[in-house]
Amino acid sequence: MDHLKVYVLCLCFVLSVASAQDPENPKKPKETSDDDEQAVENLETETLSDSEYYNELAEAFSKKIISMQEYADAVSKSNQLLNKDEEKKESLESAQSENNLEQIIDSKKFTLKLLRNSLLKQTEPNWISPSKSSNIQDKEFENMEENPQDILDTLPPLPEEEEVELSPELKEAKEIYDAAIAKLDRRSPDLRGAILQVKQAADSGYVPAKIKLAWSYIYGEGVELDVSKAKTIFEELSEQGNADAHAGMGFLYGTGVGVPVSQARALVHYTLGALGDSDYAQMALAYRHWAGVTLPSSCPKAMDLYMKVAHKVAAQVSLSGGPAVQRVRLMDEAEGGGAGAALDTDLIEYYQLLAEKGDVQAQVGLGQLHFQGGRGVTLDLNKALHYFQQAAKTGNAVANAFLGKIYLEGGDGIKADNETALRYFRKAAELNNPVGQSGLGIMYLQGRGVPKDTATAFKYFAMAANQGWVEGQLHLGFMYFGGIGVRRDFKQANKYFSLASQSGHVLALYHLGQMHAQGLGVLRSCTTAVELFKNVCERGPWGSRLMLAHAAWRARDSDSAFLQYLAVAERGYEVAQSNAAFLLDEGETRMFSEAERWRRALQLWGRGAAQGCAGARVKLGDYHYYGLGTPRDLDAAAHHYRVAADHLHSAQATFNLGYMHERGLGLARDLHLAKRCYDLAAEASPDARLPAALALARLHAHAALESLLESLSQSPLAFIFLSGESMFLSNWDLYLITALVGALGVVIYLRRPDQQAN
């Protein structure tokens, strides 16, 4: 209301000044600028009368007052909505919480729009001539409209929230908790001891420790698996408004673990958790908006949530791209009998033996494994440093380059040293190693150990990028994107970010997502931006849970593995959804009844298939073929097999289509199409060649038999042959061959669609 008073006073002042002057003979200033002269000419050409002039002036101020009244109403409305949302936070249903959130956002947008109209635009340009400064201001705002981030940048920064002072007891608990988390991050073998430290900190009232302990109870990690204890902790903290606790309750209600399934309650908790900046809740809610799971599909909402989490991930990732996460698909490993993991272990032991004997390539390989982690090797910079130093003594370029990276970034007790890093990078660059060239580029770009020189940095990055090194491509993208040392060029930035993203670099994926979201150098695409941001989010530190779940499965702790995969599946990881479905399909978890187990597996297979997993799509066909968790539907089975065969190039699905065409199950009986499907299956996978050959042999025998019977039916001796009175029919070799081939095909190709589930 203060704004209204000010405008009323301004109106009165202008009217009083105008009435004091003679409108027929206005006093013209002696000296006028070009803009003022132009304004007078515009006024003269309008030839307005006194009454029209005052009416227009009054109308302009009236519109200004109305706009400020609307602005005040919008601010009041948004504040009321915020207060209402805070008071009813625990009792909101899912739909209501989303509507209120949208209303708050809409009111804020409307408020910003009114503020822009009232402060940066002239209400009536026909009675006040815009000056140069106002024109510049309008142009600046028009440019800002092209990029919403620029509008946010013009606003004053929000006041920093002061951290709550912890009591001495909570400070001690925090130190204990941080020490325990450091052990867990290093994959310490003393898992139980680390979780006991977490429990000690939780008993002292430290909230993050309580959240960690609750998830440990769900996973059975270091403590006995007890979902009820986790539920108690989540309920207690969610009543206090803790965002991570709301995310935990959303997981329980969304999956029906420990509580009855309630998607409405899950959405309420996920929404409240996302508003509180919980990365788990934001990812779970973003996936549901993206995939249309229990919510209408909405790409903009999914992009907004994924972008927030992706920003957190990108802020934590170093230029090296972060630790690698191995995504093992249990379906594939089970078919191979676990040979893949055993092979990795044997190879690592073999490399260690060679490295001890002085094999340079083995030393470099082990150093890279410990530098990045993965394939059963934990990330350990000290071990990586040891192996690289041994290889560097022989002048190996790769070892020198990675030693430079270790000393450039430091960590794990290794102090960063620019001079040492520069020395190793120079040695590697002299040997034309792209890692060393990229490292030198970083040193010159940031002025670390050498004078800052963007031109030299660009030269080294280009040399590394031309050899296909991801970090050279990434930094060239940064330089073109920001106009650092070169002319800003979004198309070139997009080119190099795309090249770097092919290697899975998190920062490249993140900046590429930003470009697609804002339409910088490329056409704006919400779908592409969401896929890129989702990829970034799935490379966050929580992705290591996949490896822990796999370790639990190999240790034959199927319930713990299932719950860990299920928790990651709620974040939208396809491999976690497929692995959780596999454990249910194999009956390795006994947490649910038989009927519920099939229904849950069908749901998870469906989510995995929607994200492009060929095995999950084939499983959907199998479930509809046999009627597992759903009524039997051969048409639906054929549809899923066809999608897997045509779009995902699955040999299994192609073989199944051939079988259905051969028998006329859900598809028109067509022996020619059946033969074509068997041929395509043999071409798609070497593993399908033998089963396809047996199926083709059976098909040819069956076709020959039908042709012979048809010819015999037209013969005068048909009655004798068909009645079995002839010795020729009882010893018919063709019947025997057909039976043998069919039986052999059943024994060897156990995964054909008509095989009954165990």
Next item on the list: Select from the stretch 574-596 the residues that are within 30 Å of F533 (Cβ to Cβ), open to solvent by less than 20 Å² (accessible area, probe 1.4 Å) and without any contact (Cβ under 8 Å) to a residue 60 or more places away in the chain and list them in ascending order.
Entry: A576, Q577, A580, A581, L584
Check: Does S204 qualify as being touching an Asp or Glu at 6+ places or on another chain (Cβ under 6 Å), open to solvent by 30 Å² or more (accessible area, probe 1.4 Å) and of a type in the set (S, T, Y)?
Finding: yes
Next item on the list: Take the residues in the stretch 407-441 that are crowded, with 24+ Cβ neighbours inside 10 Å and either touching an Asp or Glu at 6+ places or on another chain (Cβ under 7 Å) or at pLDDT below 90 (or both), then tell me which one is nearest to A462 (Cα to Cα).
Entry: S438
Check: Name the pairs whose Cβ atoms lie under 8 Å apart, with the first residue in the stretch 531-545 and closer than 9 Å to Y306 by Cα and of a type in the set (K, R), the second assigned to a helix (DSSP H, G or I) and open to solvent by 30 Å² or more (accessible area, probe 1.4 Å), and 6 or more positions between them or separate chains?
Finding: K534/W290
Next item on the list: With a cut-off of at least 1 residues that are over 35 Å from the mean Cα position of the chain (by Cα) and of a type in the set (G, A, S), name the helices (runs of 4 or more DSSP H) lying wholly within the stretch 343-461.
Entry: 381-392, 397-409, 418-430
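Residues are listed down the side, and each one gets a yes or a no for (1) more than 34 Å from the chain's Cα centre (by Cα); (2) not in a helix (DSSP H, G or I):
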residue: A609; (1), (2): no, no
residue: V618; (1), (2): no, no
residue: F655; (1), (2): no, no
residue: Y659; (1), (2): yes, no
residue: L667; (1), (2): yes, yes
residue: R689; (1), (2): yes, no
residue: A692; (1), (2): yes, no
Notebook entry, point to check: Is it true that A651 is open to solvent by 30 Å² or more (accessible area, probe 1.4 Å), touching a Ser or Thr at 6+ places or on another chain (Cβ under 8 Å), farther than 20 Å from Q603 by Cα and hydrophobic (A, V, I, L, M, F, W, C)?
Noted result: no
Next item on the list: Collect the residues in the stretch 360-395 that are at pLDDT below 85 and of a type in the set (D, E, K, R), keeping them in residue-number order.
Entry: R375, D380
Notebook entry, point to check: Which members of the stretch 658-685 meet the condition of being among the hydrophobic types (A, V, I, L, M, F, W, C), within 14 Å of A614 (Cβ to Cβ) and open to solvent by 10 Å² or more (accessible area, probe 1.4 Å)?
Noted result: A684
Checklist line | In the stretch 256-266, the residues that are open to solvent by less than 10 Å² (accessible area, probe 1.4 Å) and in a helix (DSSP H, G or I) | finding: A266
Notebook entry, point to check: Taking the stretch 462-472 only, how many residues are part of a helix (DSSP H, G or I) and surrounded by fewer than 21 Cβ atoms within 10 Å (Cβ to Cβ)?
Noted result: 3
Margin query: For the stretch 277-302, give me each residue that is in contact (Cβ under 8 Å) with a residue 40 or more places away in the chain and over 26 Å from Y565 (Cβ atoms).
Written below: C299, P300
Margin query: Can you list residue pairs whose Cβ atoms sit under 8 Å apart, with the first residue in the stretch 436-449 being at positive phi and the second being part of a helix (DSSP H, G or I) and open to solvent by less than 10 Å² (accessible area, probe 1.4 Å)? Count only pairs 6 or more apart in sequence or on different chains.
Written below: G449/A421; G449/M443
Next item on the list: Working carefully through the options R599, R524, R539, find the one that is in a loop (DSSP other than H, G, I, E, B), in contact with a Gly (Cβ under 8 Å, 6 or more places away or on another chain) and surrounded by fewer than 24 Cβ atoms within 10 Å (Cβ to Cβ).
Entry: R539
Note to self: I'd like the full set of residues that are open to solvent by 40 Å² or more (accessible area, probe 1.4 Å) and not in a helix (DSSP H, G or I), limited to the stretch 473-498.
What the structure shows: I484, G485, R487, R488, D489
Check: Looking at the stretch 616-640, which of its residues are of a type outside the set (A, V, I, L, M) and touching a Pro at 6+ places or on another chain (Cβ under 9 Å)?
Finding: G621, D622, H624, Y625, Y626
Next item on the list: Collect the residues in the stretch 499-521 that are open to solvent by 40 Å² or more (accessible area, probe 1.4 Å) and either in contact with a Ser or Thr (Cβ under 7 Å, 6 or more places away or on another chain) or more than 23 Å from G468 (Cα to Cα) (or both), keeping them in residue-number order.
Entry: Q518
Checklist line | Members of the stretch 494-526 found to be of a type in the set (A, V, I, L, M, F, W, C) and out of contact with any helix residue (DSSP H, G or I) (no Cβ under 7 Å at 6 or more places or on another chain), listed by number | finding: L523
Notebook entry, point to check: Do we have any residue at all in the stretch 582-603 that's within 30 Å of Y510 (Cβ to Cβ), within 22 Å of the chain's Cα centre (by Cα) and not charged (D, E, K, R)?
Noted result: no
Notebook entry, point to check: Out of the residues in the stretch 267-281 that are of a type outside the set (D, E, K, R) and not in a helix (DSSP H, G or I), which is least open to solvent (accessible area, probe 1.4 Å)?
Noted result: S278
Note to self: For the stretch 294-316, which positions are open to solvent by 30 Å² or more (accessible area, probe 1.4 Å) and either outside any helix (DSSP H, G or I) or among the hydroxyl-bearing types (S, T, Y) (or both)?
What the structure shows: T294, P296, S297
Checklist line | Qualifying residue in the stretch 499-508 (condition: in a helix (DSSP H, G or I), among the hydroxyl-bearing types (S, T, Y) and within 22 Å of A529 (Cα to Cα)) | finding: yes
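The values are calculated or read from the model by the stated rules, or taken from the named source; none is laboratory data. Owing to the predicted nature of the structure, the values given are computational and were not obtained by experimental measurement. A quick note on method: Cβ atoms are made from the backbone with ideal geometry, for glycine too, and the neighbour counts reach across all protein chains shown. Ligands, DNA and RNA are stripped out before the accessible areas are found, and what is left, the full protein with its side chains, is counted by its heavy atoms. Shrake-Rupley method; radii C 1.70, N 1.55, O 1.52, S 1.80 Å.
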